[in-house]
Ligand code: PBG
């Protein structure tokens, strides 16, 4: 069939027709909201490069999480800003660390929200690298020992799921067996499997005060030029026991998301990162784009490319729009 019998515009001619043939439907069920917790009381300070995103003390965080739960968002992912940093990032595996403190409080106050924790060291180390630094490089195997400690302390404090983002080799296997040996067989692992060394993390590094003091993360995060390597990384993480795999960032890597989804039939998450959020906010503030519409288009494109789950700073904003009765 060809023109003039076939007319593609026919099915676009009313909103009801368009709704019937819509292939991708973004849902509140797809979203995870990242949150930053800091020491103190009654603290809520906006991150300048991420309008609408805040550093929050535990008391404020609890109220925010209740709101997020009430919007129907299934989960949050927590990032911590410790009271103090040191070369080993000890706050990240201390029973009284910022994340552990927040977890205990959240679990006491809120029952029906999935609390995921980011597992990494860059927010806790004085040098800002994602592990144990030796002669300018991160020692992979020494970092694995500390990752084990960090994960177990999060599990003990009540984490529902852990998300390693450090990109050390072998981390998923080490984390799975550490959890299993302590009776945490039911805590899933969401692995940042294909995490690229990306300039889109800029605003996050301001938010988490985690920019490396020297050097960069190219020795452990992936080269943006590669996608076969993303398939290999993901395959390894699945073999080691990942329950959910992730591609990060999202927008410049939609091809990778698509490829991973074709290759592996496993839940796939995509991280719509800080720089992607900041670009939309900046342009919208200038009146150059319609921020809400662009946000929904971006999230839909991430889902269309193959992601089942989207970690996004726009989760609340998107949930608000999706929850409106007249949203089609
Ligand atoms: C590492 C981590 C980073 C992000 C999430 N986990 C930063 C990095 O690797 O430098 C970035 C998230 C974002 O940019 O929104 N703990």
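The values are calculated or read from the model by the stated rules, or taken from the named source; none is laboratory data. The model shown is predicted, which means the values in this text are computed figures rather than measured ones. Quick reminder, even Gly has a Cβ in these numbers, built from the backbone with ideal geometry, and neighbours come from all protein chains shown.
Things to note:
- Residue in the stretch 287-300 that is under 16 Å from the mean Cα position of the chain (by Cα) and within 13 Å of the ligand (Cβ to nearest atom) present: no
- Residue identified as touching a residue at least 24 places away in the same chain (Cβ under 8 Å) and in contact with a helix residue (DSSP H, G or I) (Cβ under 8 Å, 6 or more places away or on another chain) among 219, 241, 215: 241
- Looking across the stretch 180-200 at every residue that is surrounded by 23 or more Cβ atoms within 10 Å (Cβ to Cβ) and either farther than 17 Å from residue 116 by Cβ or over 15 Å from the mean Cα position of the chain (by Cα) (or both), the one that is farthest from the ligand (Cβ to nearest atom) is identified as 194.
- Of all the listed residues (79, 121), the sole one being buried (at least 18 other Cβ atoms within 10 Å of the Cβ), under 16 Å from the mean Cα position of the chain (by Cα), at pLDDT 95 or above and within 16 Å of the ligand (Cβ to nearest atom) is 79.
- Selection count, the stretch 258-286, where residues are out of contact with any strand residue (DSSP E or B) (no Cβ under 8 Å at 6 or more places or on another chain), within 16 Å of the ligand (Cβ to nearest atom) and in contact (Cβ under 8 Å) with a residue 12 or more places away in the chain: 3
- Breaking point among (1) surrounded by 18 or more Cβ atoms within 10 Å (Cβ to Cβ); (2) in a helix (DSSP H, G or I); (3) more than 13 Å from the ligand (Cβ to nearest atom), for residue 147: (3)
- Residue 32 fulfils the conditions (1) buried (at least 19 other Cβ atoms within 10 Å of the Cβ); (2) away from the ligand (no atom under 14 Å from the Cβ) except for a single criterion, (2).
- As for the stretch 318-328, it holds at least one residue that is under 17 Å from the mean Cα position of the chain (by Cα) and part of a helix (DSSP H, G or I).
- Of the set (1) within 14 Å of residue 28 (Cα to Cα); (2) surrounded by fewer than 16 Cβ atoms within 10 Å (Cβ to Cβ); (3) at pLDDT 95 or above, all apply to residue 309 but (2).
- The set of residues from the stretch 209-256 being crowded, with 20+ Cβ neighbours inside 10 Å and at pLDDT below 95 comprises 210, 217, 221.
- Matching residues in the stretch 41-76 - criterion: being crowded, with 22+ Cβ neighbours inside 10 Å and part of a strand (DSSP E or B): 53, 55, 56, 76
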